[in-house]
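**Student:** Please read through the structure below; I'll follow up with questions.
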Amino acid sequence: MQLDFTQDDEAFRVSAREWLLANAPRKRGPLDGQSARAFAQAWLSQCHKDGWSGIGWPKEYGGRGLPTEKIILWYEEYVRARAPSVLDCTFVSLNHAGPTLIACGTDEQKAYHLRRILVGDSIWCQGFSEPGSGSDLASLTTTGLVDGDHLVVNGQKIWTSYADIADFQELLIRTEPGSKRHKGLSWVICDMKSEGITVRPIKNMAGATHFAQVFYDNVRIPLSNVVGMLHDGWRVAMTTLGFERKTAAMGLQLELSIKIEDLIALAECPPGSAIGKQLAELRAEAAALRAMTYRTLFKDPVTASDGSLMRLYFAELSQRIHRAAMDILGADALTDSTWTHDYLESYSETIAGGTAEIQRNIIAERILGLPREQPA
Amino acid sequence: MTCDMNYNEDQRQILDAANALLNTSYPLSRLQEEKPDDLTALAEFGAFALALPEERGGTGFTIVEEALVHGLLGRHLISSRALANPIAARLAARLGRHEIAEQVAAGTLSVCAAVPADDSLLLIDGAKATLGVVFGGRQVILIALEELPREGVPGLGHSVVLSRVRGPLSMIGECTDSSLLDTSDLLVTAQLLGIAEASRDMAVSYAKVREQFGRSIGSFQAIKHHCANMSVDAEALSALLDMAAIAVRDERGDAAFQVAALRLLAPRVAFANVRTCIQIHGGIGFSAEADAHHYLKQVHVLRQLLSGNTMLDLPAPLAPYTSINERN
Ligand SMILES: Cc1cc2nc3c(=O)[nH]c(=O)nc-3n(C[C@H](O)[C@H](O)[C@H](O)COP(=O)(O)OP(=O)(O)OC[C@H]3O[C@@H](n4cnc5c(N)ncnc54)[C@H](O)[C@@H]3O)c2cc1C
């Protein structure tokens, strides 16, 4: 076990720092809508211009093929420079759609989409969850029936982040009539401008509108948009979720180390006080989260269940840090601010992308080998 | 005298009547309209006259019944003006300003809650209020708001309605007397209890109907235990509230101690229950389309109205005899 960055790594760190400090927007971007899209696109295109987009993607697809050491250094510098949150509307394209296409897409799909993603030209969303299928994703019922060289899609998705401003959607649908659970699903590329799609934006509890319900009424999608094999979508979807749980969250996790330092500065409290003790504990936990991030990244092999340990620790720590902020703010906790907004947003951490209860089930059943509570 | 922790007939009646009124005039669905609550129906019901002695137009009920009613007001997420009102009435009466007290209790003068923030005051849902009660730690202050210019301030999650006032305040009077602060805290914590219970109920109903993996989510132990935890905490808080209300009504020696315990527990329990309620609802709980988030924001508001922590400054009603301590 060792944690030695090479001279080359250190030189990389310095170049990343200098570029970020010179280029990262100082102000937070807009929260939702077209202005959020424009802001995220401008930032990604700027990153791309100077070679900072998709640094971990293979070179043949326009990335830099950098090793994990350099990626982690990039994100450490990224959060220290307070560059825009990685969880903006480019998150799905850069961290799910792109890597999924690289792993399972056809040459045509790769040729068309990957460059557009890296440059920031196309924004993607993820259409997995449905009103009746959240934690139980495999029960989904939106259907796609083969009609000639097309699929005809009917049904609805919900909680689709950025559906209102996305160009494409990773859409998981039931394509084999009468199939059950994980079988008979397909992962398809859906053009959000297709006829028959209606998007109903939904406001969240923080007052922002970045998720939506999406209705499909006889939407025709070419069969050439299926990624992986027809009816083999579950396997493709699991590739994507694996990405999400490993590298994609790195920027978010490291960002908590910055937030806790900001909070300590905000509190200006004597070390012995009650809040001082709480902040000390949170700082220690943020240090542990960073260590977990390093371990998961440099461990081989890493499974999706390892990701669950980190994801759960992250989610609950993030919520604790934001709750502490509300205590520190006093009466200002009643006003709208970056802290109070992020506090309300933090409620989603234990829901989105697999709830805390589901993560605990995964840890108990898949890592610890405890018996399952419900039949599969 | 005997001991009896059950509601008597009068108490049950007032609870039923208040509940009926709240269900018809203040259903939770009204919150989607984002309009300030009109408190006229509550005033006509006599909810605010509970604060006055009978000889001045009061109803003859005590703080125990008033706390029960405030539990329901919390449940229905009635504007914090309904809390500022009885505190203003009591404060005015203490200051000898009975004309103000009576108008406030009748609901003809509108009062809002206010909290100090740096060099200004934040008025909560007080755009049209003529009086304000400043909840400032171990003191409450009654102020006249009429002429003060107000500046709208975006509130927490864009749903807490706030305005800011600055400059010299026109003070009607203030009070640092623990008995008024205890009364105020009792009503605030009663509302917090109402929210803790309502969020438990909302979560439990949802856990019964929402199905995943072919069965109701309430059948999963994780959800069951969440619900059980919410229930235990709410029960403990509710028992403490009743005991504290009796102690305050009867001016017992342990009243301040019981209220101090409430001040600590009520926000903690309310926060925990509301958080769990949101969590049990999954995605819809995080959206603004379910009502759970309104509970959360109201807990943040109510918490600001509590006076300071005194838990370790007060003698406990049940403590070891000092003589035995000395012997050891
Ligand atoms: C901010 C946000 C953004 C999102 N973005 C997207 C997106 O872009 N694309 C997308 O497809 N989805 C998205 N989602 C949806 C998200 O993945 C789901 O909300 C999540 O999987 C939970 O599903 P649900 O909301 O239906 O809750 P449910 O599954 O109904 O869960 C309700 C409660 O039951 C519990 N529960 C369910 N099953 C079990 C069990 N077996 N054991 C114990 N407890 C259980 C849950 O933990 C939860 O507390 C987003 C959600 C949020 C909040």
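The values are calculated or read from the model by the stated rules, or taken from the named source; none is laboratory data. Keep in mind it's a predicted model, so treat the numbers as computed, not measured. Don't worry about glycine lacking a Cβ; one is built from the backbone with ideal geometry, like all the others, and counts go over all protein chains shown.
**Student:** Please find, within segment A:205-221, the residue that is nearest to the other protein chains (Cβ to nearest Cβ) out of those that are in a strand (DSSP E or B) and of a type in the set (A, V, I, L, M, F, W, C). Even if it seems obvious, please write down each step before you answer.
**Tutor:** The first filter runs over segment A:205-221 and keeps only residues in a strand (DSSP E or B), leaving A:211-221.
Among the residues that remain, those that are also of a type in the set (A, V, I, L, M, F, W, C) are: A:211-212, A:214-215, A:219, A:221.
On the way: A:PHE211: 8, A:ALA212: 10, A:VAL214: 14, A:PHE215: 16, A:VAL219: 23, A:ILE221: 25 Å.
Step by step, filter segment A:205-221, then rank; the result is A:PHE211.
**Student:** Being surrounded by fewer than 20 Cβ atoms within 10 Å (Cβ to Cβ) and either at pLDDT below 95 or of a type in the set (Ser, Thr, Tyr) (or both) narrows it down to one residue among B:SER184, B:SER120, B:SER163; which is it?
**Tutor:** When all the criteria are applied, what remains is B:SER120.
**Student:** Which condition number in (1) closer than 26 Å to B:VAL269 by Cα; (2) more than 14 Å from chain A (Cβ to nearest Cβ) is the one that B:SER159 fails?
**Tutor:** B:SER159 satisfies all of (1) closer than 26 Å to B:VAL269 by Cα; (2) more than 14 Å from chain A (Cβ to nearest Cβ) except (2).
**Student:** A follow-up question, please. Only one of B:ALA222, B:ALA256, B:ALA266, B:ALA261 is surrounded by fewer than 19 Cβ atoms within 10 Å (Cβ to Cβ), over 21 Å from B:GLN11 (Cα atoms) and touching a helix residue (DSSP H, G or I) at 6+ places or on another chain (Cβ under 8 Å). Can you tell me which? Lay out the reasoning, then the answer.
**Tutor:** Values: B:ALA256 fails: surrounded by fewer than 19 Cβ atoms within 10 Å (Cβ to Cβ); B:ALA266 fails: surrounded by fewer than 19 Cβ atoms within 10 Å (Cβ to Cβ); B:ALA261 fails: surrounded by fewer than 19 Cβ atoms within 10 Å (Cβ to Cβ).
Residue meeting the stated conditions: B:ALA222.
**Student:** Restricting to segment A:100-134, name every residue that is in contact (Cβ under 8 Å) with a residue 24 or more places away in the chain, within 14 Å of chain B (Cβ to nearest Cβ) and surrounded by fewer than 18 Cβ atoms within 10 Å (Cβ to Cβ).
**Tutor:** Result: A:PRO131, single match.
**Student:** Next question. Select from segment A:156-182 the residues that are within 14 Å of another protein chain (Cβ to nearest Cβ) and more than 28 Å from B:GLU289 (Cα to Cα) and write down the one among them that is farthest from the ligand (Cβ to nearest atom).
**Tutor:** Restricting attention to segment A:156-182, the residues satisfying the condition of being within 14 Å of another protein chain (Cβ to nearest Cβ) are A:156-161, A:163, A:180-182.
Narrowing the set further to residues that are more than 28 Å from B:GLU289 (Cα to Cα) leaves A:180-182.
Details: A:LYS180: 18, A:ARG181: 14, A:HIS182: 16 Å.
Step by step, filter segment A:156-182, then rank; the result is A:LYS180.
**Student:** Just the residues that are assigned to a helix (DSSP H, G or I), more than 8 Å from the ligand (Cβ to nearest atom), without any contact (Cβ under 8 Å) to a residue 60 or more places away in the chain and under 27 Å from A:THR141 (Cα atoms), please, taken from segment B:189-230.
**Tutor:** B:VAL204, B:SER205, B:LYS208, B:VAL209, B:GLY218, B:SER219
**Student:** Also, quick follow-up: Among B:ILE246, B:ILE278, which is the only one that is among the hydrophobic types (A, V, I, L, M, F, W, C), closer than 22 Å to A:GLY207 by Cα and at pLDDT 95 or above?
**Tutor:** Criteria check complete, one pass: B:ILE278.
**Student:** In segment B:13-72, how many residues are surrounded by fewer than 14 Cβ atoms within 10 Å (Cβ to Cβ) and among the basic types (Lys, Arg)?
**Tutor:** So the answer is 1.
**Student:** Looking at A:HIS322, A:HIS341 in this structure, which one is more than 18 Å from the chain's Cα centre (by Cα), buried (at least 16 other Cβ atoms within 10 Å of the Cβ) and more than 21 Å from A:TYR75 (Cβ to Cβ)?
**Tutor:** So the residue among A:HIS322, A:HIS341 that is more than 18 Å from the chain's Cα centre (by Cα), buried (at least 16 other Cβ atoms within 10 Å of the Cβ) and more than 21 Å from A:TYR75 (Cβ to Cβ) is A:HIS341.
**Student:** What residue, of B:LEU121, B:LEU142, is in a strand (DSSP E or B) and away from chain A (no Cβ under 12 Å)?
**Tutor:** On the way: B:LEU121 fails: away from chain A (no Cβ under 12 Å).
Matching residue, one of B:LEU121, B:LEU142: B:LEU142.
**Student:** List the helices (runs of 4 or more DSSP H) inside segment A:270-376, counting only whole elements, that have at least 2 residues being within 10 Å of chain B (Cβ to nearest Cβ) and aliphatic (A, V, I, L, M). Reasoning before the result, please.
**Tutor:** Details: elements: A:274-298, A:304-329, A:338-345, A:356-362.
The helices (runs of 4 or more DSSP H) meeting that bar are A:304-329, A:356-362.
**Student:** Could you tell me which residue of segment A:183-204 is nearest to the ligand (Cβ to nearest atom), considering only residues that are within 14 Å of chain B (Cβ to nearest Cβ) and part of a strand (DSSP E or B)?
**Tutor:** Looking at residues that are within 14 Å of chain B (Cβ to nearest Cβ) and part of a strand (DSSP E or B), I get A:ASN204.
**Student:** Test A:ARG323 against the criterion of being out of contact with any strand residue (DSSP E or B) (no Cβ under 9 Å at 6 or more places or on another chain), at pLDDT 95 or above, closer than 27 Å to B:PHE220 by Cβ and within 16 Å of the ligand (Cβ to nearest atom), and give yes or no.
**Tutor:** Working: out of contact with any strand residue (DSSP E or B) (no Cβ under 9 Å at 6 or more places or on another chain): yes; at pLDDT 95 or above: yes; closer than 27 Å to B:PHE220 by Cβ: yes; within 16 Å of the ligand (Cβ to nearest atom): no.
Taking the combined requirement at face value, the residue does not satisfy it.
**Student:** Of all residues being in contact (Cβ under 8 Å) with a residue 60 or more places away in the chain and either of a type in the set (D, E, K, R) or surrounded by fewer than 17 Cβ atoms within 10 Å (Cβ to Cβ) (or both) in segment A:344-369, which is farthest from the ligand (Cβ to nearest atom)? Just the residue, please.
**Tutor:** Out of the qualifying residues, it is A:ILE367.
**Student:** Take the conditions among the small types (Gly, Ala, Ser), outside the structural domain of A:ASP136 (by TED's automatic domain parsing) and in contact (Cβ under 8 Å) with a residue 40 or more places away in the chain and apply them to A:ALA331. Does it pass?
**Tutor:** On the way: among the small types (Gly, Ala, Ser): yes; outside the structural domain of A:ASP136 (by TED's automatic domain parsing): yes; in contact (Cβ under 8 Å) with a residue 40 or more places away in the chain: no.
Here the answer is no, as A:ALA331 does not meet what is asked.
**Student:** Which of the residues belonging to segment A:18-32 are surrounded by fewer than 16 Cβ atoms within 10 Å (Cβ to Cβ) and either outside any helix (DSSP H, G or I) or under 21 Å from the mean Cα position of the chain (by Cα) (or both)?
**Tutor:** A:PRO25, A:ARG26, A:LYS27, A:ARG28, A:PRO30 - these are the residues of segment A:18-32 that are surrounded by fewer than 16 Cβ atoms within 10 Å (Cβ to Cβ) and either outside any helix (DSSP H, G or I) or under 21 Å from the mean Cα position of the chain (by Cα) (or both).
**Student:** Taking segment A:126-155, which residues are more than 7 Å from the ligand (Cβ to nearest atom) and in a loop (DSSP other than H, G, I, E, B)?
**Tutor:** Within segment A:126-155, A:PRO131, A:GLY132, A:LEU140, A:THR141, A:THR142, A:GLY148, A:ASP149 qualify.
**Student:** Sticking with this one: Could you tell me how many of the residues in segment B:151-188 are closer than 28 Å to A:LYS203 by Cα and part of a helix (DSSP H, G or I)?
**Tutor:** Result for segment B:151-188: 3.
**Student:** Determine which single condition B:GLY137 fails, assuming it passes every other condition in (1) over 24 Å from B:ASN309 (Cα atoms); (2) of a type in the set (Gly, Ala, Ser); (3) touching a Gly at 6+ places or on another chain (Cβ under 6 Å).
**Tutor:** (1)
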